Every structure is written in C-alpha cells, then in structure tokens.
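What follows draws every value from the coordinates through simple rules; no lab data is involved. What you see is a predicted model, and the numbers here were worked out from it, not measured in a lab. All Cβ positions, even for glycine, are placed from backbone atoms using ideal geometry, and neighbour counts span all protein chains on display.
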Amino acid sequence: MNAPSITPLQSELITLHPALADMRRMVCDGMRKKPRQLPAWMLYDAEGSRLFEKICEQPEYSLSRTEIELLEKKAAVIARALGAGVIVEFGAGSARKVGPLLHTLRPTAYVALDISSEHLQESIKTLQRQFPKVPMLGICCDHSQLNALPDHPLLRGQRLIGFFPGSSLGNFEATEAIVLLRHFRKLLNGGPLLLGLDHPKPQARMEAAYNDAAGISAAFAHNLLRRLNHELEGDFALDNFTYRASWQAEQSRVQMELISKCEQLVTVAGQQWLFNAGESLITEYSIKYLPEAALAVVAEAGWHGVQRWHDPADEFSLHLLKPSD
Ligand SMILES: C[S@@+](CC[C@H](N)C(=O)[O-])C[C@H]1O[C@@H](n2cnc3c(N)ncnc32)[C@H](O)[C@@H]1O
C-alpha cells in the first residue's frame, strides 16, 4: 500500500454532527425514559470538552494519567503488535493519548473522530504541529451512528488500526457496547483495535473520581443543562438540580445523575416535562471492566483479545483486539 500524498499541516475536518432535529428527538426519547437518561455524547459541546480536560487533571481522577503512562511505557511493543496503517481514533478528545503511538508506529495517517467539533479542530491543530509529517483528518460525528468512514484519500485502500482509549466504552450499557464494538469491527474492515478500559476499584475511590472535591464533575453534568437551554430552547434552572455519582457494584458501574431538588416544570425540545422532587436525569454511566469481563464482551462483538498491557497496580488495561474470523 502506498502512503497517500498530502501536504503536511493541511489537516482537514469533515462535519457530520447530528442535526438539531435529531438532537431534539433524542432528548424527547431520553426524557420519556424511566429513569430519564440522555445520550452521554450530549455532555460534549465545547464547554463540556473543556471541563472534561479539567476532570482529567483532578487528583481523584487517575484514569487518564494511568493510561498515558502505560502508553508511553509500552508504545514500542504496542506499535509493533499493531503493525502499519492509518490510526483511526474513536472519541479522540484532546488527542493527547495517541502521541506515543504516532512517535513509534509512524502511521500512514491519523484520523480522529469526535462529537465535539471545536475541540476536535483544536486538538488536531495542536497535534499536527507536533507531528507535521503525519497527515491528519478530523471527523466530527457520533461514531456509533456512522455507517461508513468517509471515502477520503487518507483512508482509501489503507489498513486501518482502531484506537478507543479513555474507557469510553464504559459509557455504553452492556448490550450497546456489543453493538458499538461490532460496528467498529465493520468500520475497521479487518484491522485491529486497541481498547483502553478502566478496572473496578473500591466504592470510595470510584465515587471520588466522578465527584471531585473541586466540583468539576458536577459542573460538567450541569453544563449539559446549559447546553440544552442554549441549543434546544430549554429553560432548566441549573441551581434546581444536584449532581450525584454513585458506584453500583452489581452492574460494576458509576451512575452519574442530576437530581431535581423540587417539583418543577421544565421546557426543552419543544415540550414541557414535570420533574418530581428527587427525580433523576441520568447523564452517563461509566462501566468498569475486569479483563475477563472485557474479553467476554468483545467476544460477543466478534473480536478476540490478542494481548493485554496494564499498569503496575493492574488498575487499567490496554487490550489489543483482532477480528475473530
Ligand atoms: C471520556 S472522553 C475521552 C477522551 C479521550 N479519548 C481520552 O481518553 O482522554 C470521551 C470523548 O469521546 C467523545 N464522544 C463521546 N461520545 C461520542 C460519540 N458517540 N461519537 C463520537 N465521539 C464521542 C467526547 O466528545 C469525548 O471527547
């Protein structure tokens, strides 16, 4: 396969963000659920992405630091195991984690997918300055709904290497996670997937990680309401909702929610909604996977684990997956 020719520092952004009408429908569907729950990706507008980066810096939230250290330490061996091709990162965020792989693997190109358009654009710009020789492409989209990767010169005819760090798979409930991994398998067209997953930890640690003392996680959740007010003509009174993160051991997940402090009527997405006092709006889940549980889920989705790398305390795994057949 020949490397596609592209002028360095010409990173491009393709925008396939869900339309407002689709967001409106999804919000109405989520508000009708019992308990109410909105898709986790809605947390990520420009401000949500900025707040998420701050969460990663909080002392209670070790996930990002652990994964970055692991990637830095094992980059050479991981790069060898992944082989050559184009790196396709799902939910790239700040795109900080791919750096060690770009150094060692020297991919033909780097393609970053993320729902948060402005943040994605900034992340790629910064990364492109660090790696001027790697052609880069950003795709702003909901990766769970992308039927196919765009027909683009950087992708055409290339071997694709998936990268899905940050334990973002944990935002999807068990059956949805299987659907998503099946979907990634199709998008990657026979290529491998490097999947970063956080392990369960004691309740106090889990709850502190998702409800930091500085209140950034709470601000991140409240920002969802601000976003809905701004984009979908909402009138949520932010002060009328309290944030809570609770560890649910049976489901091995942290549930994050906004709880209504009082009975209140809220308008959003063209409809009125009654919240009872104490009623919750789930903003996201974060499912934590022990390695065996992760391998069971990936097997259901048509992948098998080839290798696993972990930090010294074995609190986080990077799984190298290959299609099963
Ligand atoms: C938990 S953050 C992880 C960010 C980064 N990968 C990391 O490990 O630090 C999840 C990222 O995925 C993006 N995201 C969430 N749901 C998405 C979806 N359905 N499609 C595309 N991007 C999504 C968010 O905008 C955010 O940047």
_Cross-link reach list, lysines versus Lys186, counting only Cα pairs under 22 Å and skipping chain neighbours closer than eight places_ = Lys322
_To test your reading of the geometry: what angle, between 0 and 90 degrees and rounded to tens, separates the Cα axis of helix 63-82 from the longest principal axis of the chain?_
30 degrees
_Signed unit charges on C-beta, dipole axis of the range 182-275, positive-most listed residue Trp273, Gly190, Pro202_ = Gly190
*If you take the charge dipole of the chain about its Cα centre, with +1 on Lys and Arg Cβ and -1 on Asp and Glu Cβ, which of Leu232, Gly83, Ile287 is farthest toward its positive end?*
Gly83
*Step through the residues of the range 268-285 one at a time and calculate ³J(HN,Hα) from phi using the Karplus curve (6.51 cos²θ - 1.76 cosθ + 1.60, θ = phi - 60°), rounding each to whole Hz and writing x for Gly and Pro.*
7, 6, x, 9, 9, 9, 8, 9, 7, 4, x, 6, 10, 10, 6, 8, 5, 10
*lysines within cross-link reach of Lys261: Cα-Cα under 20 Å, excluding same-chain residues under 8 positions apart?*
Lys33, Lys34
_How many angstrom lie between the Cα centre of the range 152-191 and the Cα centre of the range 268-325?_
13 Å
_Cα radius of gyration and Dmax for the chain (Å)_ = 19.6, 62
*Any idea what the dipole of the range 202-255 comes to, in debye rounded to 20, about its Cα centre with Lys/Arg Cβ at +1 and Asp/Glu Cβ at -1?*
200 debye
*GluC sites (Glu not before Pro) within the range 190-290, DSSP loop, no more than 13 other Cβ atoms inside 10 Å*: Glu233, Glu263
*Per DSSP H run of at least 4 residues, take -39500 (n - 2.57); add these up for the chain, divide by its residues and hand me the 222 nm value, nearest 500 deg cm²/dmol.*
-11000 deg cm²/dmol
*Would you pull out the residues with amide H under 5 Å of Glu284's amide H, same chain only if 5 or more places away, H placed 1.01 Å from N?*
Met256
*Under 5 Å between amide H atoms, partner at least 5 residues away or on a different chain: which partners does Ala112 have, H built in plane at 1.01 Å?*
Glu89, Leu137, Gly138, Ile139
*Amide H partners (placed H, <5 Å) of Tyr243, local residues excluded*: Ile259
*Degrees, to the nearest 10: 117-130 long Cα axis against longest axis of the chain*: 30 degrees
*Counting Lys and Arg as +1 and Asp and Glu as -1, each charge on the Cβ, what is the dipole of the chain about the Cα centre in debye, to the nearest 20?*
900 debye
_J(HN,Hα) series, the range 302-311, from Karplus relation 6.51 cos²θ - 1.76 cosθ + 1.60, nearest Hz, glycine and proline x_ = x, 10, 9, x, 9, 7, 9, 10, 9, 6
_Over 20 Å (Cα to Cα) - which of Lys74/Lys97; Lys201/Lys288; Lys74/Lys125; Lys97/Lys133 fall in this group_ = Lys74/Lys125
*Under Karplus coefficients 6.51, -1.76 and 1.60, residue-wise ³J(HN,Hα) of the range 251-260 in Hz, glycine/proline x*: 8, 6, 8, 9, 9, 10, 8, 10, 10, 5
